[in-house]
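Engineer: Pasting a structure below so you can have a look.
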Amino acid sequence: MNLELGNFFHPPGPLAGKINQYMREALAMKPVSVFNLASEDLHVAGESSLGDLTETDFISTNLVAPDNGKYGFLKRYSIQEGTLPNGWPVRIGFLGIADPRMVKPNSGFTAMEPVDAIKLVLPELEGKVDFLVVAGEISEETADQIANAFPEVFAVLRSERGFRLTRPRQVNNALIMSSVERGRMLGRMTLVLNADKEVASYTYRYIDLNQRAPENAALAARAGELK
């Protein structure tokens with residue numbers, strides 16, 4: 001399973017419409033399992049037929065969408081099921097956050113404070129998931145608040161606005177990891193569980209998407225057409 005933290009689409013500007021058309025095409029060619037809708041995605045969320053991309057769960061735990069019928073595809077959370085190498089089934093619940101400070105009034109959306117929104121949705125997930133991940137547009141301060149408020153959260157994955165690469169750290173029971181802006185890095189986190197399905201240890205790896213990273217054949221062909 002894979003995850004998009006948000007701010008995937010290009011912000012408004014002279015070339016945004018064309019760029020975002022290609023971004024949507026890329027998402028259709030190479031779907032992600034879970035996509036957190038963040039502040040810069042909101043201006044295209046209702047106009048880009050995201051609901052047609054049925055292989056992707058679009059989520060936000062703290063956004064309140066406009067009441068215009070365009071956002072029926074948006075879920076409060078996603079539960080992804082898989083099997084561990086030793087055969088154990090696992091259910092991972094993903095909660096998505098948009099930074100309330102970055103949600104613009106002209107987007108039509110409003111955003112709850114992250115901790116308050118998570119408190120509201122947790123009862124719905126009781127008994128349905130083995131692990132909880134909170135992901136999205138999350139400051140370091142908010143990440144610490146979430147980790148300290150919710151011991152059931154085992155990872156907080158936060159998007160970074162900039163080129164910093166922040167070393168992962170543990171707060172309470174949660175591992176906090178950060179990305180680098182605009183998909184310049186892929187992150188991989190590997191968890192080692194004990195017999196009680198508790199996280200015993202973890203490793204992480206960042207992959208720099210530079211010219212040495214292998215191309216996806218379909219996306220490379222489309223890039224050639226555009227040139």
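Engineer: Can you tell me which residue is farthest from the chain's Cα centre (by Cα) among those in region 1-18 that are loosely packed, with under 14 Cβ neighbours inside 10 Å and farther than 30 Å from Met189 by Cα?
Structural biologist: The qualifying residue farthest from the chain's Cα centre (by Cα) is Pro14.
Engineer: Go through (1) more than 26 Å from Lys75 (Cβ to Cβ); (2) touching an Asp or Glu at 6+ places or on another chain (Cβ under 8 Å) for Arg161 and report which single condition fails.
Structural biologist: (1)
Engineer: Ile97 versus (1) over 17 Å from Asn2 (Cα atoms); (2) of a type outside the set (Lys, Arg); (3) in contact with a Ser or Thr (Cβ under 9 Å, 6 or more places away or on another chain): which is the lone unmet condition?
Structural biologist: (1)
Engineer: Would you list the strands (runs of 3 or more DSSP E) that sit entirely within region 67-183 and hold 2 or more residues that are touching a Lys or Arg at 6+ places or on another chain (Cβ under 9 Å), at negative phi and surrounded by 14 or more Cβ atoms within 10 Å (Cβ to Cβ)? Break it down into steps so the answer makes sense when it comes.
Structural biologist: On the way: elements: 77-83, 89-97, 131-136, 153-158, 169-171, 174-178.
Output list reads 77-83, 89-97, 131-136, 174-178.
Engineer: Which pairs have Cβ atoms under 7 Å, sit 6 or more apart or on different chains, and link a residue in region 3-20 that is free of Cβ contacts under 8 Å to residues at least 60 places away in the same chain to one that is part of a loop (DSSP other than H, G, I, E, B)?
Structural biologist: Taking only residues 6 or more apart or on different chains, the pairs are Glu4/Val32; Ala16/His10; Ile19/His10; Asn20/Phe9; Asn20/His10; Asn20/Ser48.
Engineer: Scan region 1-37 for residues that are at pLDDT below 85, of a type in the set (A, V, I, L, M) and assigned to a loop (DSSP other than H, G, I, E, B) and report the count.
Structural biologist: 2
Engineer: Here is a follow-up. The conditions are (1) at pLDDT 95 or above; (2) more than 21 Å from Ala195 (Cα to Cα), and Val133 fails exactly one of them. Which is it?
Structural biologist: Val133 satisfies every listed condition except (2).
Engineer: So, of the residues in region 38-66 that are modelled with pLDDT of 85 or more and of a type in the set (Gly, Ala, Ser), which turns out to be surrounded by the most Cβ atoms within 10 Å (Cβ to Cβ)? Steps first, please.
Structural biologist: Residues of region 38-66 modelled with pLDDT of 85 or more: 38-44, 50, 52-66.
Then drop every residue that is not of a type in the set (Gly, Ala, Ser), which leaves 38-39, 60, 65.
Values: Ala38: 26, Ser39: 22, Ser60: 30, Ala65: 19.
Only one residue fits best here, namely Ser60.
Engineer: Filter region 38-65 down to the residues that are of a type outside the set (D, E, K, R) and assigned to a helix (DSSP H, G or I) and list them by number. Don't jump to the end; show me each part of the working.
Structural biologist: Step one: filter region 38-65 for residues of a type outside the set (D, E, K, R), giving 38-39, 42-46, 48-51, 53-54, 56, 58-65.
Result: Ser39, Leu42, His43, Val44, Ala45, Leu50, Gly51.
The values are calculated or read from the model by the stated rules, or taken from the named source; none is laboratory data. Please read these numbers as outputs of a predicted model, since none were measured by experiment. When we count neighbours, we look across all protein chains shown, and the Cβ atoms used for this are built from the backbone with ideal geometry, even at glycine.
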